[in-house]
Amino acid sequence: MTPDSDISVRLVRNATVLVTIRDTTFLVDPIFTSPGENPPAPNSPNDRRNPLVSMPDVDLSHDAVVVTHRHPDHWDEAAKEELEADVPLFCQPEEADAFADEGFTDVRPVDDEESFDDITIHRTPGHHGHGELAEEMGPVSGFVFEGDETLYLAGDTIWYEPVERTLDQFEPDMVVLNGGEAQFERGEPITMGVEDISAVRDATDAEVVVVHMEAINHCLLTREELRAATESVHVPDDGEQITL
């Protein structure tokens, strides 16, 4: 990692983040809906309507969009309506047709890797929960952004062997995890909790940043709880930027 590192992540809200490498900014998992306009995640321990919080006042300028998967807390109707139709949009291959059907004209499914502005974008595996519930949640992906430095955005996944392999393969300088320990009334959590995040922290020398918290009704782990239970982990507030 160089002293003049030029890589950063700004949390917007939930899993919506701005990843900047050199002069290129990727808008990841945009949801633009106003608070309470979406129904609660079903079969969850509370029935608060989503999103729970407002968008912070941040500059959302971007060069491309990346969508890890099309669940409504990662891609919503407001984003579909507000984004430019010709924006370069990177996604899972299984979901490319859905974006095209919505009118996006520069959809770039990532089978393995793609390039954009001299940055290599690798798609990585994820497991959205445990056992049968994870299968019901459908395919999810993470993405590695590789420039002079490397950022690994894990997406909606728990800690499991392919996440560890990704850390070993790419040796990222920064890792962005989706925390919140989202869960339903049945089954185990479907995003990372304290144990998962601690396992990542132990497995890498990278800066670890945790997002996907306090914005959706089934995300039950709070920032305060996570900060108290971990060390050397960044838990940004909405609008906050973390730079190497």
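The values are calculated or read from the model by the stated rules, or taken from the named source; none is laboratory data. Predicted model, so just to flag it, every value in this text is computed and none were measured. All Cβ positions, even for glycine, are placed from backbone atoms using ideal geometry, and neighbour counts span all protein chains on display. Just the protein is used for accessible areas: all its heavy atoms, side chains included, with ligands, DNA and RNA removed. Shrake-Rupley method; radii C 1.70, N 1.55, O 1.52, S 1.80 Å.
Of all residues in region 135-148, none are farther than 14 Å from Ile197 by Cα, in contact with a Pro (Cβ under 8 Å, 6 or more places away or on another chain), open to solvent by 10 Å² or more (accessible area, probe 1.4 Å) and in contact (Cβ under 8 Å) with a residue 24 or more places away in the chain.
Scanning region 227-235 for residues that are assigned to a helix (DSSP H, G or I), in contact (Cβ under 8 Å) with a residue 40 or more places away in the chain and surrounded by fewer than 21 Cβ atoms within 10 Å (Cβ to Cβ) turns up nothing. In a loop (DSSP other than H, G, I, E, B), of a type outside the set (S, T, N, Q) and more than 14 Å from Asp238 (Cβ to Cβ): does that describe Asp47? When the stated conditions are applied, Asp47 passes them. The set of residues from region 155-211 being of a type in the set (A, V, I, L, M) and on the phi > 0 side of the Ramachandran plot is empty. Would you check if Ser54 is farther than 20 Å from Glu214 by Cα, in a loop (DSSP other than H, G, I, E, B) and open to solvent by 30 Å² or more (accessible area, probe 1.4 Å)? Taking the combined requirement at face value, the residue does not satisfy it. Looking only at region 121-132, decide whether some residue is part of a loop (DSSP other than H, G, I, E, B), of a type in the set (Val, Ile, Thr) and open to solvent by less than 70 Å² (accessible area, probe 1.4 Å). Scanning region 121-132 turns up no residue that is part of a loop (DSSP other than H, G, I, E, B), of a type in the set (Val, Ile, Thr) and open to solvent by less than 70 Å² (accessible area, probe 1.4 Å). Return the residues of region 172-183 that are touching a strand residue (DSSP E or B) at 6+ places or on another chain (Cβ under 7 Å) and either of a type in the set (Ser, Thr, Tyr) or in a loop (DSSP other than H, G, I, E, B) (or both); say none if nothing qualifies. Within region 172-183, Pro172, Asp173, Gly179 qualify. When restricted to residues that are modelled with pLDDT under 95 and within 25 Å of Ile119 (Cβ to Cβ), region 160-202 contains 0.
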